[in-house]
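See structure below.
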Amino acid sequence: MSDLLAARAQMGTSLAFHIIFAALGIGLPLLLCISEGMYLRTKKPEYLALAKKWAKATAILFAVGAVSGTVLSFELGLLWPGFMQYAGSIVGMPFSLEGYAFFIEAIFLGLYLYGRSRLSPLVHWLTTIPIAVSGMLSGIFVVAVNGWMNSPTGFKVVDGKVTDIDPIAALFNPSWFQQAVHSTLSAYIATGFAVAAVYAIGMLRGRKDDYHCKALAMGLIIGCIAAPLQLLSGHASAVWVSENQPAKLAAMESHFETQTCAPLTIGGIPNTEKGTVDYAIQIPCGLSLLVGFNPNTKVTGLNDIAPELRPKTSIVHPAFDIMVGSGMFMILVSLGAAFTAWRTRRVPDKKWQLWTVALTGPLGFIAIEAGWTVTEVGRQPWVVYGFVKTSDAVTTAPGVAIFFALFTFMYISMAVIVVWLLRRLAKSTSKPDKESGYAVA
Amino acid sequence: MPSLNLAWVIAGLIVVGLTTYVILAGADFGGGVWDFLARGPRKAEQRQAIAKAMGPVWEANHVWLIFVLVLMFTAFPPAFAAMSTALAIPLSLAAVGIVLRGANFVFRAHAASVAGAARIFGVMFGAASLITPFMLGLCVGALGSGNIRVENSKIVSSYYTPWLAPFPILTGLLAVALCSFLAAVYLTLETSGELQEDFRRRAVISGIATAVIATIALPFTIEGAPVLWQQLIWGRATALVIGTVVLGLVAMMMSYLRHYSIARIATIAEVACIVGGWALAQAPYMIVPDITVTGAAAPDSALGPQLIALAIGLVFLLPSLGFLLYVFKGQNPAAEISGEE
């Protein structure tokens with residue numbers, strides 16, 4: 001295994017792992033805030049019991065997210081010193097802001113998790129607000145760095161040296177807004193449907209009580225609001241990519257021939273040697289219509305991009321289809337759930353409805369992983385689009401493959417333990433909690 | 001108008017951040033060490049007191065390291081790149097320690113009812129708490145040694161020998177001892193009765209261990225880090241060296257005499273002297289002898305906005321942090337160590 005491949009594999013594994021916990025770190029605090037707030041308002045014990053249960057899950061997930069995030073800040077230097085030397089002073093600002101947001105999140109999470117007996121109920125509830133806000137902001141700031149990698153701004157290169165650094169311009173890079181909206185929504189969607197799915201499964205097993213209905217409702221509300229918005233955000237992202245990163249768009253769509261009336265390719269197996277897609281469904285002029293609202297929009301194909309600058313469409317295209325497919329399914333579920341709730345004035349609780357919600361449980365995270373694959377693999381061979389190649393940023397230090405193996409082993413072990421702990425938490429039937437009357441341990 | 005040297009201002013902030021990290025998170029690592037070494041009839045109570053002290057604050061304390069890392073790569077990108085490359089192995093191991101320590105601490109707390117699993121998580125938590133301070137201390141020693149050589153942004157020295165040497169290994173051990181000392185002193189203020197006596201003994205023992213390691217390390221500095229040696233023994237850092245010795249003795253004596261609040265203040269001041277003394281001795285180098293503060297600094301156009309962002313961030317951070325420490329460390333929590341849960 002070459003060091004470049006090992007470094008990419010390690011960064012990829014670390015991010016693929018961290019992104020799950022990061023998304024939950026954005027979504028769960030919002031649920032905690034809602035549930036604690038509802039308890040303060042209604043005094044219904046179900047809300048308190050749910051908040052206590054979710055707080056325990058959040059404690060585990062946040063800790064794993066925090067340590068895996070720290071590893072990433074190490075890995076920026078350990079694996080990509082060339083990137084950091086080039087970009088550190090340009091994109092340091094969003095990293096610092098992200099650091100602060102994370103700091104605030106950690107502080108108030110400590111207060112929330114351990115402060116129930118030391119703070120008044122109102123202050124205790126109020127601590128969930130900075131957690132939710134800073135959780136969201138830390139994601140938005142860190143995505144600014146990724147946005148900058150896609151649309152580098154705020155500096156000039158003179159004789160191979162970086163000059164005229166403007167960190168503010170780098171922070172407000174053109175890709176940031178649409179990427180931040182897309183990723184923030186994805187975190188709420190994934191968390192909302194995951195939580196809804198957990199309680200839908202509980203209801204399928206016959207526990208159709210208030211506790212389960214309220215949890216299902218809170219999860220669904222978040223998912224159902226965020227999912228349809230994601231359609232707009234996703235469209236804006238695709239248009240942006242088509243204008244700024246034609247190679248990425250071509251790889252996403254397995255689009256080989258530059259043409260007007262470009263077809264939209266769904267599914268299929270890209271054959272990069274022949275420049276065709278086997279077994280795909282093609283909608284005539286679909287791609288031109290989507291990115292330009294006009295069948296005559298010309299879309300650049302991979303054949304017009306230098307071979308060494310082509311991203312791997314064999315990865316990017318299926319990842320894109322998985323993301324869009326999962327997203328579309330969740331949007332349908334959210335519309336259906338909203339319709340049912342509007343018509344019946346209650347949460348969807350028919351067997352088939354619960355089964356559908358249960359199916360969406362993992363989909364949000366699958367979509368996140370796939371979407372992240374699209375944007376990262378689709379940017380290759382660049383780490384800083386148009387300026388620095390990934391291969392020029394990699395470390396010269398030894399042992400990359402060994403640490404890749406070690407970290408992968410640690411992440412797999414942690415994933416197994418986290419799943420085990422969460423399952424125990426979900427099934428726990430310990431003696432009821434004093435305040436709420438439900439088992440929350 | 002006399003121009004303020006922004007690079008030095010940020011370098012100063014990095015030292016402040018590092019000091020805060022050692023004072024706060026160092027004690028969390030030290031707590032892990034005492035968990036690992038827990039013994040005697042009150043073994044379980046010792047572990048419980050440590051977990052209770054760490055629980056609400058360790059994640060926030062840990063963020064100071066991220067603060068330092070981000071300032072490093074924002075303000076001094078070539079220095080960060082060179083350190084990360086030359087010290088890739090010990091820094092990777094430090095990251096391994098961070099993951100294992102944090103994850104196992106939380107896993108143990110949430111698997112308390114499964115005795116076997118909790119025991120394994122506990123051992124992992126304790127053992128991992130030794131790794132990170134040792135590796136980070138080792139890296140600090142290596143940075144001052146003069147053995148990491150950088151030419152045209154490329155590491156030209158070995159990836160192993162600069163840190164696999166007596167001086168860095170001693171600074172690593174010193175870091176572990178210092179963290180343990182900090183933790184023991186803090187824990188005397190968060191416990192009562194016999195448990196307090198346990199930690200008082202541990203404070204004195206780890207205080208002596210810290211002093212012994214520091215004394216052994218001193219002669220190794222002559223060969224191992226000549227640039228530091230000059231400034232430490234008779235240069236700009238000498239006053240802080242003397243301060244460290246005096247404050248260390250005061251902290252130890254005050255723990256022994258059960259004046260725990262004074263001991264805590266002295267220990268915190270001692271850490272400030274150690275980190276500050278090291279920074280002063282090593283200045284103007286970030287990596288002796290090839291990378292300096294001004295040489296590695298990003299241009300002012302990058303540093304200025306960064307400093308403004310830092311200042312704005314601190315306006316939100318400091319009151320929040322104050323509130324956290326007030327709620328969990330302000331009132332004497334010793335009274336409720338038994339009883340709750």
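Just so it is clear, none of the values below were taken in a lab; they were calculated from the coordinates. Remember, it's a predicted structure, so these values are computed and weren't measured experimentally. FYI the Cβ positions are ideal-geometry reconstructions off the backbone, even for glycines, and counts take in every protein chain you see.
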Name the residues whose placed amide hydrogens come within less than 5 Å of the amide hydrogen of A:Thr276, ignoring near sequence neighbours (fewer than 5 apart) on the same chain. A:Asn271
Counting other Cβ atoms within 10 Å, keep those with at most 15, restrict to DSSP loop, and tell me which chymotrypsin sites (Phe, Trp or Tyr not before Pro) in the range B:62-112 are left. none
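Let me check against my output: what whole-number percent is the relative contact order of chain A, with C-alpha pairs under 8 Å and at least 6 apart? Walk me through the numbers before you get to the answer.
Working: 703 pairs, mean separation 88.6, N = 441.
Result for chain A is 20 percent.
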Partnerless cysteines, meaning none of the other Cys C-beta atoms lie under 4.7 Å away, in chain A: A:Cys33, A:Cys213, A:Cys224
In the range A:325-405, which chymotrypsin sites (Phe, Trp or Tyr not before Pro) fall in coil by DSSP and have 10 or fewer other Cβ atoms within 10 Å? none
Residue by residue, what Karplus-based ³J(HN,Hα) values in Hz, rounded to whole numbers, does the range B:245-256 have, using 6.51, -1.76 and 1.60 with θ = phi - 60° and x for Gly and Pro? 4, 4, 5, x, 5, 4, 4, 5, 4, 5, 5, 4
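Per residue of A:109-122, count partner chain C-beta atoms within 10 Å of its C-beta, then hand back the mean as an integer. List each step's numbers first, then the result.
Numbers: counts 4, 11, 8, 1, 3, 7, 5, 0, 3, 7, 2, 0, 0, 0.
Neighbouring Cβ atoms belonging to other protein chains average 4 per residue here.
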Surrounding charge for B:Arg201, neighbours by C-beta under 12 angstrom, Lys/Arg +1, Asp/Glu -1, total +2
Any aspartates and glutamates whose Cα falls less than 15 Å from that of A:Lys298, other than same-chain ones fewer than 8 residues away, would be A:Glu243, A:Glu253, A:Glu257
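Considering only the other residues whose Cβ falls under 15 Å of the Cβ of A:Asp166, what net charge follows from Lys and Arg at +1 and Asp and Glu at -1? The partial results should precede the final answer.
Numbers: positive: A:Lys156; negative: A:Asp164, B:Asp300.
Charge balance near A:Asp166 sits at -1.
How many partner chain Cβ atoms sit within 10 Å of a residue's Cβ in peptide B:305-317, on average, as a whole number? If you can, show how the numbers build up before the last one.
Values: counts 10, 6, 0, 3, 9, 5, 0, 2, 7, 1, 1, 7, 6.
What the average comes to for B:305-317 is 4.
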Report the semi-axes of the equivalent ellipsoid for the protein assembly as shown in whole Å, largest first, where each axis is √(5λ) for an eigenvalue λ of the Cα gyration tensor. 44, 36, 21
Just round it to a whole percent: the fraction of Cα-Cα distances in the range B:108-225 exceeding 21 Å. 55
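Quick one: of A:Lys56/A:Lys427; A:Lys53/A:Lys350; A:Lys214/A:Lys351, which pairs are farther than 19 Å apart, Cα to Cα? The partial results should precede the final answer.
Details: A:Lys56/A:Lys427 13 Å; A:Lys53/A:Lys350 25 Å; A:Lys214/A:Lys351 17 Å.
Check vs 19 Å cut-off fails for A:Lys53/A:Lys350.
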If each K or R counts +1 and each D or E counts -1, the residues other than A:Thr42 whose Cβ falls under 12 Å of its Cβ total +1
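Tell me the mean residue ellipticity at 222 nm calculated for chain A from its helices only (DSSP H runs of n ≥ 4, each -39500 (n - 2.57), averaged over every residue, nearest 500).
Values: 14 runs with 313 residues, N = 441.
Rounded to the nearest 500, the figure is -25000 deg cm²/dmol.
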Summing -39500 (n - 2.57) over every DSSP H run of at least 4 residues in chain B and dividing by its residue count gives a helix-only mean residue ellipticity at 222 nm, to the nearest 500 deg cm²/dmol, of -26500 deg cm²/dmol
